[in-house]
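Read-outs throughout are calculated quantities, based only on the coordinates presented, and are distinct from any laboratory measurement. Quick caveat: nothing in here was measured; it's all calculated off a predicted structure. Neighbour counts are summed over all protein chains in view; Cβ atoms, including those assigned to glycine, are modelled from backbone coordinates with ideal geometry.
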């Protein structure tokens, strides 16, 4: 049987986006899986799509099965908590020293509300980039952030565990730092943020309040390396594939929650697909280490499905949070009981290549890792960034797609019976910017941030909040134009499918 070549093209459009100095903001990849119609059986095309900026995550509410003529969108993130930025709640003042002079900026704790319930407290780990109001964030491994290449990331984790708000006895914290009495919540938050910035951004920054500055100095000197915490909830691998008539998987649950709920098929009578354990029995709940399988009946039409697991737990301190809207990267300082979720997908076919596709940012390599596991009986061939890849039957391989910092990308890989995986996002792996001029500002104020804030101060500490808006709009328009041009070129280059 001849092998099937699946032609692919990449879309790594975008340009280096100007940064506004003084705060922290960047986006993270969003990976969404689709099942589209109009693909001929045993034919596939991997095509490029216009580079776009996208926001938000689609939380799958059930196992969605899609055949050749269906189209269903599901989530393909790496799992965990999804939250919305609420603002800078407890903060003080700091001074950032740069080549163009000293600038004042608010420094302290942000608060985010978790989708489905819960509250997070975070510090910023990307001083020179802006915060977007109401930005959507999702839990992200350090490998997908600037912490991946930061040898001092473990020291930041130590600071979080040994300072405010994890240590909420301010008298004890002051004593440990040799401060004496009078340490306020604002001083504790500002001092902690300043110490983090010195490691996250290698910033020359001082707290304005003497108490906060002493705390920052103590934390910086005392910090030791602590390992990255485990995710609150993930599924591994996030994608599986195989032939109908058996169990596809396993998909292993990793969580710090006592148990997770497993969403069953939305319409078992229609699809016949079940979510089961390794004993073949249907499951509705699971624990850390549980193995889940897609039970696809013999003779099922080629298609795909998703499963979602959800739990309520406290998110581990030190987990990173990133946004698709280029809002500043955050690191977790505290969590209430919060809703977390994760999604995995499965694809099946009777013949030909059957790829399971997933992706994640790899900041250590400056690109996006696309993992392809081919459980079919033919080679799966695709092209990305001008390079052709062939994944033999029964082989799993990870391909790193190199991208420029701040580069928007978007590409779609199509498989059997209308199955597709779409990967879009913006590579955000570095802290950048040079403090200078009058760019260090809060979102709600047109002038440099005042210092010595309170627990109910301005919504967000941001650099160039209002001034950055025209730049953001200009970049977005530019990306749309580039995307349109890309689509025209793709239309001219794409080889028509047979029939």
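Among 348, 142, 158, the order by Cβ neighbours within 10 angstrom, fewest to most, reads 158, 142, 348.
Binning all Cα-Cα separations of segment 93-149 at 5 Å, short to long from zero, yields these whole-percent fractions: 4, 12, 20, 23, 18, 14, 6, 2, 1.
Both numbers refer to the Cα atoms of segment 117-180; Rg and Dmax are 14.8, 40 Å. With an a/c value of 1.5 or above and a/b not larger than b/c for the gyration tensor axes a ≥ b ≥ c computed over the alpha-carbon atoms, segment 302-346 is described as oblate.
Sorting 391, 196 from the fewest to the most surrounding beta carbons within 10 angstrom yields 391, 196.
Residues 112, 385, ranked from the fewest to the most other C-beta atoms within 10 Å, line up as 385, 112.
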